[in-house]
1. Using the count of nearby Cβ atoms within 10 Å as a rough guide to exposure, how do 81, 213 rank from fewest to most?
2. Looking only at the chain, where both bridge partners belong to it, what percent of the DSSP beta bridges are antiparallel (to the nearest 5)?
3. Can you tell me what percent of all Cα-Cα pairs in the chain are more than 26 Å apart?
4. Which of 217, 55, 208 comes first, and how do the rest follow, when ranked by fewest Cβ neighbours within 10 Å?
5. Report relative contact order for the chain in percent, whole number only (criteria: Cα-Cα under 8 Å, sequence separation at least 6).
6. Would you mind telling me which residue in 128, 233, 86 has the biggest mean-square fluctuation in a Gaussian network model of the chain, where springs connect alpha carbons within a distance under 10 angstrom?
7. Of 222, 144, 103, which is the most mobile in a GNM of the chain whose springs link Cα atoms less than 10 angstrom apart?
8. For segment 97-210, which semi-axes, largest first and in whole Å, follow from the square roots of 5 times the eigenvalues of its Cα gyration tensor?
């Protein structure tokens, strides 16, 4: 899903307009306490916060990230750091989509650092990112895992405004995700979108306005076999099932690479791809724990 893009040196991103922009930071630290995980450490600067932790499924700590301004404009900088101590289990999501609005030339940046220690499990399940036409976005996500940890996370992007058939014109997304296991680099994934992408559609987004990537660590080889079988069944049966009535509008790739499960998807509608990603998450959690989780209530509000 990558194309040629303009790279901006980090030190030049918005420095001339920094005083007019939001600079927000959030640091979260989860630990086990008795039979549940608790959010022990929490610090923030600027408009980033979390709601009170919830426990809809026992000891797993569910946390909702909040960004009160409701969107990112050119010049804004968001920095989120999450750490799970040994044995902690946390699910982190958002109550709404993250919107990257039209830019006046400045760049909106998002940095995410996720660390999972041994025997801990992090489920990083934010709602989608929406990049409006002419948005300029710079993202970096680093995921640091222990060989005895578990992780599942995704990144779903809506480009432009598909509901009004407004394409992502004159905008730029420069994104990178890295995964290390025991400090060894396993994956370096780039998402590069710019006006040049239409010239290479066959090897890029293929004119789909919605794309997403799911990454999971923890018995990934078995998960790849499981999800490939599951997806084959969905394609055969989904056309007659209401919740997957648009399955033919999706292209899904499921791979196992160096101990990671990677699911990549392209779609015409955000809710369809997000629903498929959520079903993959349920399959993965069921494989790990023997129980299928309910969809977080916040996604239904």
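Values in this text are rule-based calculations from the coordinates and carry no lab data. What you see is a predicted model; the values in this text were computed from it and never measured. When we count neighbours, we look across all protein chains shown, and the Cβ atoms used for this are built from the backbone with ideal geometry, even at glycine.
1. 81, 213
2. 45
3. Working: 20095 of 45150 pairs.
For the chain, the fraction of Cα-Cα distances above 26 Å is 45 percent.
4. Details: 217 25, 55 12, 208 20.
With the sparsest Cβ surroundings first, the list reads 55, 208, 217.
5. Working: 730 pairs, mean separation 42.4, N = 301.
Contact order relative to length: 14 percent.
6. 233
7. 222
8. Semi-axes, largest first: 30, 14, 13 Å.
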